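Colleague: Quick one: the structure is below, questions incoming.
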Amino acid sequence: MGALRRVGVIAGYEWRRALAKKKVLALIILAIAFQTLIMVVFSQLVVGVFSTVEFRSLMWIVGVSEGQGLFFPLIAIIVAGGSMAEEYEHGTADILLSKPVRRVEYMWGKLLGGFSLLATVEALITFVGVVLSLWFFGAQSGLQFAPLMFLAIVYSSLIFFSLSFMFSEVFRGSTLAMLGAFGVLIASSVISPILSSLYSMTNQQSYLYLSKGLPTWAATNFPSFLMSKLITVPSTVFSVGDLGDLYQAALIIAVYTIVFIVIAAFRLLKSDVTKKAG
């Protein structure tokens, strides 16, 4: 069996492991339910910007992206947070690595399996968002960019997936890994707008740089920045940034992802796989 085949087998195993967790399935159902509720509410609003043809013809963007800020990071954290850690907790890491598989193949199988599952969930929710927008608001503009929106969402979700994956290997405890990633998500979500407000009041660039450096800024804004470059998006509803913001967000996502994966790989390759972190 070749290396790619071994990685594929482990990736398939990771799908089965993650889907066996009821929390993942519950979050997928909640995301779709919340998506539907948002569409129902917006369809009943007929005042101000909500009543304009331009806004209603772009509701597919809301339908596609509404789960990005909350549900996608949560699903990413839960899937990745147990990926490596649960194998140590259940004692199956020794069994898996006693097979003719290298540690790096094991890690990439787990990483790609979990992330491909997350991407599939995001594809499902993207499709549902488009269907709901057509159902409630009729013909939509710019639907040819829906695949790009999906790819942007998948790319932006790399930050919290790789962060939780790193914690899963470093802490070797699923609860601690998920709590650590949740903590970073919440702290970043709270601190980033505060720093943005301080920048608006003081015009000090240091606050702006710190705000952009936090994980949620890039993870949340990258898809909407991309859409604002492709189509005319009402700034009253969607985040609109210049081309520099788009490139910065893409770079920040890449840097965070690479750093987190390198740390996880170093921990796995240089430590005793039978021992949890002390």
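The values are calculated or read from the model by the stated rules, or taken from the named source; none is laboratory data. Predicted, not measured: the structure shown is a model, and the values here were computed from it. Glycine gets a Cβ as well: all are built from the backbone with ideal geometry, and neighbour counts include every protein chain shown.
Colleague: Over 19 Å from F150 (Cβ atoms) and at pLDDT below 90: is that true of V62 in this structure? Talk me through it step by step, then tell me what you get.
Modeller: On the way: over 19 Å from F150 (Cβ atoms): no; at pLDDT below 90: yes.
When the stated conditions are applied, V62 does not pass them.
Colleague: Could you go through segment 56-64 and let me know if any residue there is among the β-branched types (V, I, T), part of a helix (DSSP H, G or I) and buried (at least 21 other Cβ atoms within 10 Å of the Cβ).
Modeller: In the first step, residues of segment 56-64 are kept if they are among the β-branched types (V, I, T); the result is 61-62, 64.
Add one more test, that the residue is part of a helix (DSSP H, G or I), and what stays is 61-62, 64.
Narrowing the set further to residues that are buried (at least 21 other Cβ atoms within 10 Å of the Cβ) leaves 61, 64.
There is at least one residue in segment 56-64 that is among the β-branched types (V, I, T), part of a helix (DSSP H, G or I) and buried (at least 21 other Cβ atoms within 10 Å of the Cβ).
Colleague: Hey, which of the helices (runs of 4 or more DSSP H) in segment 100-199, taking only ones fully inside, have at least 3 residues that are hydroxyl-bearing (S, T, Y) and within 16 Å of E14 (Cβ to Cβ)?
Modeller: On the way: elements: 103-137, 146-156, 158-171.
Ranges flagged: 103-137, 158-171.
Colleague: Here is a further query. Among the residues of segment 80-132, which ones are surrounded by fewer than 19 Cβ atoms within 10 Å (Cβ to Cβ), among the aliphatic types (A, V, I, L, M) and over 18 Å from M149 (Cβ atoms)?
Modeller: Those that are surrounded by fewer than 19 Cβ atoms within 10 Å (Cβ to Cβ), among the aliphatic types (A, V, I, L, M) and over 18 Å from M149 (Cβ atoms): I95, L96, L97, V101, V104, L112.
Colleague: Okay, next question. Checking L151 against (1) of a type in the set (A, V, I, L, M, F, W, C); (2) buried (at least 17 other Cβ atoms within 10 Å of the Cβ); (3) within 14 Å of the chain's Cα centre (by Cα), which test does it fail?
Modeller: Of (1) of a type in the set (A, V, I, L, M, F, W, C); (2) buried (at least 17 other Cβ atoms within 10 Å of the Cβ); (3) within 14 Å of the chain's Cα centre (by Cα), only one is false for L151: (2).
Colleague: Restricting segment 203-228 to residues that are under 21 Å from the mean Cα position of the chain (by Cα) and hydroxyl-bearing (S, T, Y), which is nearest to I159 (Cα to Cα)?
Modeller: Top of the filtered list is T216.
Colleague: To continue, here is another question. Pairs under 7 Å by beta carbon, first residue surrounded by fewer than 17 Cβ atoms within 10 Å (Cβ to Cβ) in segment 174-203, partner hydrophobic (A, V, I, L, M, F, W, C) and at pLDDT below 95, six or more apart or different chains?
Modeller: I191/L214
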